[in-house]
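Heads up: the structure comes next, in structure tokens.
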Amino acid sequence: MTSLQVNMAGLTLKNPIMPASGCFGFGKEYSQFFDLNKLGAIVMKAATLEKRLGNPTPRVAETPSGMLNAIGLQNPGVDNIIRDELPFLSQFNSVIIANVAGTTIEEYEEVAKKLSATGQVDALELNISCPNVKEGGIQFGQDPELAKIVTERVKRATHLPVFVKLSPNVADIVSMAKAAEEAGADGLSMINTITGMQIHLPTKRPLLANNTGGLSGPAIKPVAIRMIYEVYPHVSIPIIGMGGISSAEDAVEFLLAGASAVAIGTANFQNPCICPEIIEELPKVLQKYGFNTVEEAIGKAVNR
Amino acid sequence: MTSLQVNMAGLTLKNPIMPASGCFGFGKEYSQFFDLNKLGAIVMKAATLEKRLGNPTPRVAETPSGMLNAIGLQNPGVDNIIRDELPFLSQFNSVIIANVAGTTIEEYEEVAKKLSATGQVDALELNISCPNVKEGGIQFGQDPELAKIVTERVKRATHLPVFVKLSPNVADIVSMAKAAEEAGADGLSMINTITGMQIHLPTKRPLLANNTGGLSGPAIKPVAIRMIYEVYPHVSIPIIGMGGISSAEDAVEFLLAGASAVAIGTANFQNPCICPEIIEELPKVLQKYGFNTVEEAIGKAVNR
Amino acid sequence: MKREKMTVLSISPLAKDTVEMVLKTKNAVRKAKPGQFLYFQLPGHTLRRPISIAAIDKESGTVTIIFKVTGKGTELMATLPPGSVLDAIGPNGNPFPADENGSNAVLLIGGGIGVPPLYCLGKHFCAQGVKVYSVLGFQSREYVFYEEKFRKLGETVIVTDDGSYGEKGFVTDVLHRFKLYDTYFACGPLMMLKAVTKQLEDVPGFISMEERMGCGIGACYACIIEANTEEGYKKICSDGPVFRAGEVLL
Amino acid sequence: MKREKMTVLSISPLAKDTVEMVLKTKNAVRKAKPGQFLYFQLPGHTLRRPISIAAIDKESGTVTIIFKVTGKGTELMATLPPGSVLDAIGPNGNPFPADENGSNAVLLIGGGIGVPPLYCLGKHFCAQGVKVYSVLGFQSREYVFYEEKFRKLGETVIVTDDGSYGEKGFVTDVLHRFKLYDTYFACGPLMMLKAVTKQLEDVPGFISMEERMGCGIGACYACIIEANTEEGYKKICSDGPVFRAGEVLL
Ligand SMILES: Cc1cc2nc3c(=O)[nH]c(=O)nc-3n(C[C@H](O)[C@H](O)[C@H](O)COP(=O)(O)OP(=O)(O)OC[C@H]3O[C@@H](n4cnc5c(N)ncnc54)[C@H](O)[C@@H]3O)c2cc1C
Ligand SMILES: Cc1cc2nc3c(=O)[nH]c(=O)nc-3n(C[C@H](O)[C@H](O)[C@H](O)COP(=O)(O)OP(=O)(O)OC[C@H]3O[C@@H](n4cnc5c(N)ncnc54)[C@H](O)[C@@H]3O)c2cc1C
Ligand SMILES: Cc1cc2nc3c(=O)[nH]c(=O)nc-3n(C[C@H](O)[C@H](O)[C@H](O)COP(=O)(O)O)c2cc1C
Ligand SMILES: Cc1cc2nc3c(=O)[nH]c(=O)nc-3n(C[C@H](O)[C@H](O)[C@H](O)COP(=O)(O)O)c2cc1C
Ligand code: FES
Ligand code: FES
């Protein structure tokens, strides 16, 4: 039997598959389609201190093998999430990861503290890479110094493992990754979306009300693989890989490039059962390529 | 009648459509499929001072709605190009643009000088954005200061209009564009490929012998559109847009985002007649969206 | 809500750029209610396409959809031969309140491709003995469809923007002719919904909304609309697409 | 070389994962020569797929291709029903020198999916009265195809890696049995071509090469192979895929 179990950053995942933040809400909707206990982990939609209404609509557009989104971190605010959403998620025996966002360092800290205090969250993912909000988010993800500060401060505010979610909208991903590691990050999540735009010919204007949005889906997979492959030899903390995964083969590609686990975003919209389907296929694909465990595959394509 | 004519950087193009550098060789092969006189311009494969053999194979890979290439600037060297290729191209009454590459600033200068001296080239495109060579190329395209220097030096070495070809592998495309403009560039070409990778599961190694390659094709169109849209209000020099164009609608999207002309790369491989087909469709599409000339459409989606 | 494979039984042009498709389904037909939609996956497309249910036939185990060819996805759907299999999620969203409504007579107000879900609803009311009046607006003669079907449900007025068929004008120009209904149900372009809800401010009504969607099931916050609620918003895919007039800000 | 639409006349399994497809063509059939390839566009794929011509029938206006299902593109091709239309560029590349060759007897050496172009070539030689010997290697019994067809051309030895059919071993294990030929022609995996060219160093020979391609017509420098020429390289798509043994560095 192929072992799918993954140990990383002190967490034990029964398999390396989790839905990506923002593409799975807080799980309720997808629990109509399958048993969430099947998931290695569940990553929640971003939480900010106060509730946020996000950007005007339209907020999504379709692109070749991908999509753009400019949700703008809409969420009910951390208190409401803790009250209304966490109890549902904590019934499942999957690892629960909360995605933390903010405009200021203090907001990140505050949200991290509140989530940590619940005892129902197993890890935090620091979203310093959202391209769809005017303030905060991506600017922390494009400057190694700022990334370091926010990571350090959040680390001090929580006892939980912290994954820093990196933006691909940088010239040098390795220095961002190193900055996060130096600041004490327990892991990295890579990659968030690439900033893009679509022009709507009939209106002669950008289709998204926010003008730009984040590109996700299979279109960006080669960029994600490249960045993980580049970062892997330079850090000793685990990487959660994401960006265009829609099959077990894709997932193995990410493992080989250096990811310890993978998250699935856009593909949930195409196929709400994609996560359990990949979990079911994964042992066969691993075996086909000669691996008995997930951990054997991690980083195998990289000459460290 | 819809006018397709475009005037930019002192050049008059009968239409805004040209093949992108590296995807059309020096024109001979495609002249089997259509009359090259139909093209607004022809951009040649990169020229370096000496001949280059490029990277080991495999050099291309298919990705979702795109491809990776790591040709590595293989070319016969500027002297051979001038002797063997230019005479063929100069029979056509399309604007001829030579793509200039190098490892050192001196090499860029030298190549530019030689091409300018032929009298058979109408403009230069400065390739400071090739992700597939170890030295030169992209490093000039990721540092505004270096971009400035190489542009200034080439400008001094030629009387021809110079288009600086920008790399999308940067956090801040606007500052790169401004640097090129300040250094005297007559125009910009945007975008070159995004660095990516594919892992080949059977060998458990990167598929390309060079490991990484440049992502092109429809997958990157939203990134190209976004960058052109971002740069357009900040410069007063014209932009040749490219990245995933495969239809007249795509071309108009680029015009609306701020491009004065567009180049077609990867799509030539799918359909060797794509350039003349787009040229034929363009007037209909422009008219459908209310434009009588190409120039009316340029930048129309942008609030300057 | 479920994911299921549906088989195209028939596909036929109804009007210009307008296609009627009958689909064999196991699950959706049992659960579907007027106002709900199906969410179709199309090969080569990242996002699914939401299309309303235009008729439900429990006996034959089929649902009918009517769609307008407006882009690449609907273009592709229009070329599917009978026998093709479509991957659909559904029935999605909240239906029109057709059962608990207590109406004696209703007014259906449809614009263009907003007409189909109203047919489903009108049939439902008819079967319950509720009187049905309809006002349907189309761009021009060649876009008109389902006129006869609506006439069978009750009195029906057709208007076209250019007067090439029925009466010339917008649906709002003829609404005043109907008085004897207690609730209205509207579906169509945003401009029409704005005008209708304003004109019929004092009448209870329900409207069906559209927005570009990601997940289609309430998880991604793509399809938000501002609302007069504590939260300040509603999700069109899961809280809607049907809303009480005035509940959401148009 | 031209772009044309070809219609699938028939498609049939030949061996495990191996499909034979007959295509109706107007242009390619008139121009094609053994060793050339067609370059097929497949919906949903950025790059075309190069497949060798396995037979040319000028009378019926058809060409035959034989391909192995190895990835997404060939998987898709294997599901195309007769009547499907394929967009192809071709005939691409340089053919085997079959006319000017002046041979009296030739040895064909094929490995796996390298066998098809050799059949085309063998038929051509046969028609010219040149004697044809063939050595064909396959992985195992279930991959063997076209044995009878090659036997009709002349003496044929089949080897399989595991001995499950014909003789056990590699093509290079049996080459010594043939002496009475003046030129050899080989197509197959790189390892086989390396071994064959080494073993037959003193015999004039031609080999057909493979590489991942971009343009397929000589414009993009994707498919380069090192060569003993002044330039130092050859393009497989346009200078090849057929090369004189020793011309390129394996
Ligand atoms: C709840 C609901 C019910 C609908 N019912 C019907 C119906 O019964 N008949 C019908 O013809 N149309 C209906 N529509 C509109 C229909 O979804 C769009 O016309 C269709 O998605 C366009 O797809 P396309 O690929 O042809 O266009 P494209 O413009 O190529 O589509 C690009 C993207 O934009 C989305 N999109 C484009 N227009 C719309 C729109 N108006 N609403 C939502 N998404 C859009 C597409 O789904 C796709 O993701 C409905 C929309 C919603 C939200
Ligand atoms: C000149 C030439 C003639 C050929 N003739 C035949 C033939 O007659 N029968 C046959 O079965 N195969 C032949 N091949 C190999 C065939 O092109 C590949 O098997 C096919 O492209 C694989 O496509 P795929 O989508 O199934 O695989 P994938 O691995 O999904 O393809 C991904 C990409 O890699 C390319 N690729 C993968 N393998 C090869 C390969 N071996 N050579 C070149 N490109 C490759 C594909 O074209 C595509 O661009 C030939 C190749 C060349 C270069
Ligand atoms: C609609 C949508 C909403 C998203 N919201 C968030 C978010 O709230 N926080 C976050 O860190 N990433 C968010 N992302 C990014 C994804 O988590 C993921 O990093 C990215 O989409 C790449 O993966 P994919 O290609 O599998 O979608 C969102 C992506 C999408 C498409
Ligand atoms: C095979 C290949 C070779 C290329 N070679 C060059 C080159 O020599 N010089 C250059 O400036 N850009 C080169 N490019 C980049 C293209 O000119 C273009 O900027 C890029 O491919 C985006 O356009 P597309 O998506 O239409 O292909 C090359 C691209 C490809 C695919
Ligand atoms: S489309 Fe995802 S919440 Fe409505
Ligand atoms: S594939 Fe482009 S040169 Fe051979």
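With the whole protein complex present, residue A:155 retains an accessible surface near 60 Å², based on a 1.4 Å probe.
Tell me which of A:118, D:47, B:214 sits at the most positive position along the dipole axis of the protein assembly as shown, charges placed on C-beta atoms (Lys, Arg +1; Asp, Glu -1). Of the listed residues, the answer is D:47. Distances between equivalent label points of residue A:10 across the copies, with each point positioned 7 Å along Cα→Cβ, amount to 6.5 nm, shortest listed first. Compute the Cα gyration tensor for region B:1-134, then decide on rounded, prolate or oblate, letting a ≥ b ≥ c be the square roots of its eigenvalues: rounded whenever a/c is under 1.5, prolate when a/b is larger than b/c in the other cases, and oblate in all that remain. Verdict is oblate for region B:1-134. Placing unit charges on each Cβ (+1 for Lys and Arg, -1 for Asp and Glu) gives chain B a dipole about its Cα centre, and among B:87, B:44, B:60 the Cα reaching farthest toward its positive end belongs to B:60. For residue C:105, the residues whose amide H sits under 5 Å from its own are C:131, C:182, C:183, ignoring neighbours fewer than 5 places away on the same chain, with H placed 1.01 Å from N. Net charge in the neighbourhood of residue A:284 (other residues with Cβ under 13 Å of its Cβ; Lys, Arg +1, Asp, Glu -1) is -3. Here the Karplus relation 6.51 cos²θ - 1.76 cosθ + 1.60, evaluated at θ = phi - 60°, turns the backbone of region B:199-206 into coupling constants of 9, 8, 4, x, 9, 6, 9, x Hz, with x for every Gly and Pro. Its Cα centre serving as origin, chain D has a Cβ charge dipole (Lys and Arg +1, Asp and Glu -1) of approximately 720 debye. Distances between placed amide hydrogens fall under 5 Å for residue B:47 paired with B:99, B:100, B:101, all partners being 5 or more residues away or on another chain.
Close amide H contacts of residue B:264 (hydrogens built in the peptide plane, cut-off under 5 Å, sequence separation of 5 or more or a different chain): B:18, B:20.
Backbone geometry of region B:262-272 corresponds, through the Karplus equation with coefficients 6.51, -1.76 and 1.60 at θ = phi - 60°, to 3J(HN,Hα) couplings of 9, 10, 10, x, 3, 4, 4, 6, 6, 9, x Hz, x marking Gly and Pro. The mean number of Cβ atoms from other chains found within 10 Å of a Cβ in peptide B:247-260 is 2, as a whole number. Report, in listed order, any pair from A:178/B:148; B:38/C:16; D:194/D:235; A:38/D:72 with a Cα-Cα distance greater than 27 Å. Checking Cα-Cα distances, A:178/B:148; B:38/C:16; A:38/D:72 exceed 27 Å. Across identical copies of the chain, residue D:84 has label-point separations of 1.6 nm, listed in ascending order, with the point defined 7 angstrom from Cα along Cα→Cβ.
How about residue D:33: which lysines have a C-alpha closer than 17 Å to its C-alpha, ignoring those fewer than 8 places off in the same chain? Straight-distance partners of residue D:33: D:2, D:24, D:58, D:123. Rounded to the nearest whole Hz, the Karplus-based 3J(HN,Hα) values (6.51 cos²θ - 1.76 cosθ + 1.60, θ = phi - 60°) of region A:248-256 follow the sequence 5, 4, 4, 4, 5, 4, 5, 4, 4, with x at glycine and proline. Put the Cα centre of region B:210-258 next to the Cα centre of region B:52-129 and the gap is 20 Å. In this simple spin-label model, placing a label point 7 Å from the Cα along the Cα-to-Cβ direction at both residue D:177 and residue A:118 gives a separation of 7.4 nm. Neighbouring Cβ atoms from other chains, within 10 Å of the Cβ of residues in A:188-201, number 5 on average.
Of the solvent-accessible surface of the protein assembly as shown, computed with a 1.4 Å probe and all protein chains present, 49% belongs to carbon and sulfur.
Put simply, when B:53-60, A:120-127 are sorted by average Cβ atoms within 10 angstrom per residue, most first, you get A:120-127, B:53-60. Seen through its C-alpha gyration tensor, with square-root eigenvalues sorted a ≥ b ≥ c, chain B comes out rounded because a/c lies under 1.5. Report note on the peptides A:71-79, D:218-226, D:112-120, A:200-208: ranked by the mean count of other C-beta atoms within 10 Å, highest first, their order is D:112-120, D:218-226, A:71-79, A:200-208. Out of every Cα-Cα pair that the protein assembly as shown contains, those further apart than 60 angstrom amount to 14 percent. Within region D:52-161, the GluC sites (Glu not before Pro) that combine a DSSP coil assignment with at most 10 other C-beta atoms in a 10 angstrom radius are D:59, D:100. The mean number of Cβ atoms from other chains found within 10 Å of a Cβ in peptide B:30-41 is 1, as a whole number.
Using the 7 Å Cα-to-Cβ label point, sort the distances from residue B:79 to its equivalents in the other copies shortest first and give them in nm to one decimal. Ordered by distance, the counterparts are at 7.8 nm.
The values are calculated or read from the model by the stated rules, or taken from the named source; none is laboratory data. Everything numeric here is computed off the predicted structure, so don't read it as measured data. When we count neighbours, we look across all protein chains shown, and the Cβ atoms used for this are built from the backbone with ideal geometry, even at glycine. These accessible areas exclude ligands, DNA and RNA; they are computed on the full protein's heavy atoms, side chains included. Shrake-Rupley method; radii C 1.70, N 1.55, O 1.52, S 1.80 Å.
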